[in-house]
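Some notes on the structure that comes next.
The values are calculated or read from the model by the stated rules, or taken from the named source; none is laboratory data. As the structure is a computational prediction, the values presented were derived from the model and not from experiment. Every residue, glycine as well, gets a Cβ built from its backbone with ideal geometry; the counts of neighbours run over all protein chains shown.
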Amino acid sequence: MSALAYAWRSLWRNRRRTLITLTAIALSIMIVQAFHNLAIGIYARMIDDGVRAGSGHLAVYRNGYLESREEGLSFLPGDLAKQVRAIPGVSRVLPRIYLPALAQSSSDSRGILLVGVEPDAERAVNPFLKKLPEDGMLRDLDGRDAVIGKRLLTDLKLAVGRKLVVTAQHRDGTLHSELLRVRGVVETGIAEVDGSLLMVGRQRAALLAGMSGEIHELAIILDRADDDRRVFPALAELTGSRPEVAAVSWKEAMPNLANAIKLDYAGQKFIFVIILLIVTIGVVNTLLMSVMERLREFGVILALGSSPARLRRLVLLEALLLGLAAAALGSMLGSLFTWYLVDTGIDLKNFVPENMEFGGVVFDPVLRAAWDLVWMVRIALFVTGLTVLAAFYPAVKAGRITPVEAMRHS
């Protein structure tokens, strides 16, 4: 009888114990795979929403702007926007201006963040602007239309079609004011944004601040998030000839979101480690009990001339077969669970508020997974290896048996 056949037969001598251990390992693999895929799906959705409403997958800033947010740190894009659009994988390039300002109505006044944008490009990308009706969006770059945050609209006691005055500091040090008309109202679900956002055409914002043609941010939206590995070097090459500007990723431009995701996934990894530790203990128990029940059999094998090393290899082979069977079953269950989470997801609308924030991005209450097949294969192989590693102690125990001691066991 071959060693493989003998190990497989020995594994199933106690069917109940083997089935319990096999099921525990398989369920652990299923849980780790499915919840990893769920986390990846949630993070991908949050990143996509965050970069489209925020800084983009990649962005270009004047050196020092990210740290200080000083409105004086602007730059002339020149042909940079056109050159970036030509890079394969780039979907949109969005020049933006950010200005601290004061908004005044006939009833009240509030400090705001005045954002100058290119209306058509922004609406094609920003998920909140897409919700606006056709007549609720800015019409041109230098018009007096304004899109206002819902909470700011309420604080200023305004309504669509009403006028307000915006005052900002000009480059010459004086205060300049513009009369604007509310054309649309946007609700992001983030209280700070909804209470301070006022969006106008980019040229109107530049005129107010005296920074004609200049911008603070060149946000870059990619066709796919993982295209950044290919696009970023090309972008860095374009900005290399301009030492006053620098290209950054969304992780640098949106550190709150990046750090929140890292912290959350670190917590999940800790839970995964606990699950795998429990699996390891189960494997050690199963194989050790199997060895102890077969002492007399091992004694006969040794008496017939087999070596202790052969016994150790047999125990390790049993662990390998157990791990492979569990990996196959667990990966199948993990794939079915992931398929459900991708297609249907988990609806938490009745358990979390609609405007719940996570890392500065509104949390989507419907959780959906995303496939990460490479990681699924890696965790299945890792658990298989862990199963074999857990068998080393039972294998060493089997190798230390002497024929005389073994034959005394009934």
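Numerical summary
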item	result
Residue match in region 56-75 (condition: touching a strand residue (DSSP E or B) at 6+ places or on another chain (Cβ under 8 Å), buried (at least 21 other Cβ atoms within 10 Å of the Cβ) and assigned to a loop (DSSP other than H, G, I, E, B))	yes
Hits in region 41-71 - residues which are β-branched (Val, Ile, Thr) and farther than 24 Å from Gly240 by Cβ	Ile42, Ile47
Some residue of region 210-217 being closer than 17 Å to Ser106 by Cα and surrounded by fewer than 16 Cβ atoms within 10 Å (Cβ to Cβ)	no
Residue in region 34-44 that is in the same structural domain as Glu192 (by TED's automatic domain parsing), surrounded by 15 or more Cβ atoms within 10 Å (Cβ to Cβ) and in contact with a Lys or Arg (Cβ under 6 Å, 6 or more places away or on another chain) present	no
Near pairs, Cβ below 6 angstrom, 6+ apart or cross-chain, from region 97-116 (within 15 Å of Ala146 (Cβ to Cβ)) to any residue that is surrounded by 22 or more Cβ atoms within 10 Å (Cβ to Cβ) and of a type in the set (Lys, Arg)	Ile97/Arg202; Gly116/Arg202
Yes/no for Ile42 being assigned to a helix (DSSP H, G or I), within 30 Å of Val117 (Cβ to Cβ), β-branched (Val, Ile, Thr) and at pLDDT 75 or above	yes
One residue from Ala159, Ala121 being part of a helix (DSSP H, G or I) and either surrounded by fewer than 18 Cβ atoms within 10 Å (Cβ to Cβ) or without any contact (Cβ under 8 Å) to a residue 40 or more places away in the chain (or both)	Ala121
Search result, residues across region 168-195 that are surrounded by 16 or more Cβ atoms within 10 Å (Cβ to Cβ) and in a strand (DSSP E or B)	Ala168, Gln169, His176, Glu178, Leu180, Val182, Arg183, Gly184, Val185, Val186
